[in-house]
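Here's the structure, in structure tokens; my notes come after.
The values are calculated or read from the model by the stated rules, or taken from the named source; none is laboratory data. The shown structure was predicted, so the numbers you read here are calculated from the model rather than taken from an experiment. We place every Cβ from the backbone using ideal geometry, glycine too, and count neighbours over all the protein chains shown.
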Amino acid sequence: MKFYPEKYKEPDVAMQPFIDANEIWDIINNATSTKDEVEKVIAKSLSKQRLSMQDVAVLVNTQNPELIQLIKEGAKTLKKQVYGNRIVLFAPLYIGNKCHNNCTYCGFRVTNKEAERKTLDDQEIINEIKALEDNGQKRLVLVYGEHKDYSPEYIAHTVRVAYSVKSGNGEIRRVNINAAPLDIDGFKIVKEAGIGTYQIFQETYHPEAYKQFHLGGKKANFENRLTALDRAQEAGLDDVGIGVLFGLYDWRYEVLALVRHTNHLEACYNVGPHTISFPRIKDASGLKMGSKYFVSDEDFAKLVAILRLAVPYTGMILTAREPAEIRKEIIQYGVSQIDGGTKIEIGGYSDTLNEVQNLNRGQFKISDDRPLSDVIDELLENEMIPSFCTACYRLGRTGEHFMEFSVPGFIKKCCTPNAVLTLAEYIIDYADDETADKGWKVIQKNLDELDNEKLKSSLLDRIERVKNGERDLIY
Ligand code: SAM
Ligand code: SF4
């Protein structure tokens, strides 16, 4: 099966098949993974050349533990080069769980009679945002079911509400969206509200598997979902996120399909996805997930490392679906963003009485329910810089990751200083003494490592200004 965006009916580069299941399987089945081949592919990625689908197939077929270790080491090295030691933090905020669709893996599915349906009203959204800001959050992803109540106008409205709330020094500086695919006019309306990334996960890129899990509603249309981000691009919304729900189909196929989708967006619009997400399927209300395609922890680590090597400039998101120990390990292989202090029940951030996760009020079970401060503490202990930076998007530097990858010194000149400044804000406004102590040590270490004296003194000056009450000083 082949899919083309409507717009491209002429034989040009965009006419390349977008997703062709047979082609992807042929590439996988024809790839071998000798030591020599694996080393060559890793070296190619480290020399900042994009990997072909064939190269990626060499990596997904690798079984030898020593070679898998090389893949992981390669991903670690590349991550350091591309991102430095920053990890961007965000929080998901579920706005409403009404849904017309019947995705068999999701607690919000229309057939789930146990689900407690709720859509936050404006005051409830404000309460949630206040609670998030008082915790130190600056970046959110708003999440919605697919329902007629969640129109583009409604989504845009909730984004504006989110940006309008200020609590103390707290404010939301970037709102991303995870919602149903829209038409071109719909994407324009949402873009107007000043969103960051619009994420739509394909769930599985295999058309037959897709059919088995999407039994009703608009989401049952594979092609409508697959071409959604083309419509976003046509609406001028070029900051998009893709993803797969791992566990629905063979992970090796899905990894190649994610690379294919990336190639497609690059070929047609000259900009790849801003982020890739790779959730593994979790238990949900009324559902115990078990699947022959369930991805083991070892394969999960391997697939994250392979994605890192395959698409070096794309942000990679690892969520609290995964337990803390797994997140700690996987982060090293190329993750650039994680959520912290996550609550996925509707209204969960301002409802301080509810400590235990109620599956009927959420979409699925999360495994890392630590408060944001604990997540930050662990990052600091591992000498990473927790970052709330939103500079590129707000200064109109789009294609930011491309910039990080291609402009020499961009991380040193912009990303690290911005991460340090947002960490300084967090320490002063929200951290307890112990975390503050760890945080200043990490900041000092990064200052010591700066070899550009002019930048160092400018950064020191800005840190002083943050200490004196100024906020949002960005490079
Ligand atoms: N309703 C919109 C949609 O389907 O595109 C918004 C996305 S949904 C609220 C967010 C994502 O959560 C889905 O795209 C899916 O990948 C993931 N998800 C759904 N059920 C899950 C489960 N049981 N375990 C893990 N992730 C799940
Ligand atoms: Fe609805 Fe999205 Fe859940 Fe599907 S994954 S049932 S569309 S909320």
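For the reader, a short list of remarks on this structure follows.
- The numbered conditions (1) surrounded by fewer than 23 Cβ atoms within 10 Å (Cβ to Cβ); (2) over 30 Å from Leu421 (Cβ atoms); (3) within 16 Å of ligand 1 (Cβ to nearest atom) are all true for Arg109 except (1).
- Selected residue (criterion: modelled with the lowest pLDDT) from residues of the range 78-98 that are polar (S, T, N, Q) and part of a loop (DSSP other than H, G, I, E, B): Asn85
- Among the residues making up the range 247-286, those that are near ligand 1 (Cβ under 9 Å from one of its atoms) and either outside any loop (DSSP other than H, G, I, E, B) or not assigned by TED's automatic domain parsing to the domain that holds Gly315 (or both) are Ser277, Arg280, Ala284.
- Qualifying positions in the range 349-365 - in a loop (DSSP other than H, G, I, E, B) and surrounded by 20 or more Cβ atoms within 10 Å (Cβ to Cβ): Tyr349, Gly362, Gln363, Phe364
- Where Asp238 falls short, out of the listed (1) within 16 Å of ligand 1 (Cβ to nearest atom); (2) surrounded by 17 or more Cβ atoms within 10 Å (Cβ to Cβ); (3) assigned to a loop (DSSP other than H, G, I, E, B): (1)
- Some residue of the range 143-150 being within 24 Å of Val255 (Cα to Cα), touching a residue at least 24 places away in the same chain (Cβ under 8 Å), assigned to a loop (DSSP other than H, G, I, E, B) and within 16 Å of ligand 1 (Cβ to nearest atom): no
- The residues of the range 308-334 that are crowded, with 23+ Cβ neighbours inside 10 Å and more than 19 Å from Val141 (Cβ to Cβ), listed by number, are Arg308, Leu309, Ala310, Val311, Pro312, Tyr333, Gly334.
- Residue pairs meeting the criteria (Cβ under 7 Å; at least 6 apart or on separate chains; first buried (at least 16 other Cβ atoms within 10 Å of the Cβ), in the range 278-298; second in a loop (DSSP other than H, G, I, E, B) and β-branched (Val, Ile, Thr)): Pro279/Thr319; Arg280/Val295
- If you filter the range 442-459 down to residues that are of a type outside the set (S, T, N, Q) and surrounded by fewer than 13 Cβ atoms within 10 Å (Cβ to Cβ), you find that the one that is nearest to Gly396 (Cα to Cα) is Lys454.
- Tabulated pairs, the range 219-232, first not assigned by TED's automatic domain parsing to the domain that holds Arg109, second in a helix (DSSP H, G or I) and surrounded by fewer than 21 Cβ atoms within 10 Å (Cβ to Cβ), C-beta under 7 angstrom, 6+ apart or interchain: none
- Glu73 under 30 Å from Lys445 (Cα atoms), under 23 Å from the mean Cα position of the chain (by Cα) and not basic (Lys, Arg): yes
- Wholly within the range 368-475, helices (runs of 4 or more DSSP H) carrying at least 1 residues that are at pLDDT 95 or above and closer than 23 Å to Gly341 by Cβ: 372-381, 416-430, 433-449, 453-467
- Out of Gln137, Gln212, Gln123, sole residue that is exposed (fewer than 15 other Cβ atoms within 10 Å of the Cβ) and either more than 16 Å from ligand 1 (Cβ to nearest atom) or part of a loop (DSSP other than H, G, I, E, B) (or both): Gln123
- The condition (being modelled with pLDDT of 95 or more, at negative phi and touching an Asp or Glu at 6+ places or on another chain (Cβ under 6 Å)) is satisfied by just one residue among Leu182, Leu258, Leu245: Leu245.
- Count of residues meeting criterion [within 10 Å of ligand 2 (Cβ to nearest atom) and either out of contact with any His (no Cβ under 8 Å at 6 or more places or on another chain) or part of a loop (DSSP other than H, G, I, E, B) (or both)] in the range 216-232: 4
- Residue under evaluation Val88, criteria (1) in the same structural domain as Glu381 (by TED's automatic domain parsing); (2) away from ligand 1 (no atom under 16 Å from the Cβ); (3) surrounded by fewer than 19 Cβ atoms within 10 Å (Cβ to Cβ), criterion not met: (3)
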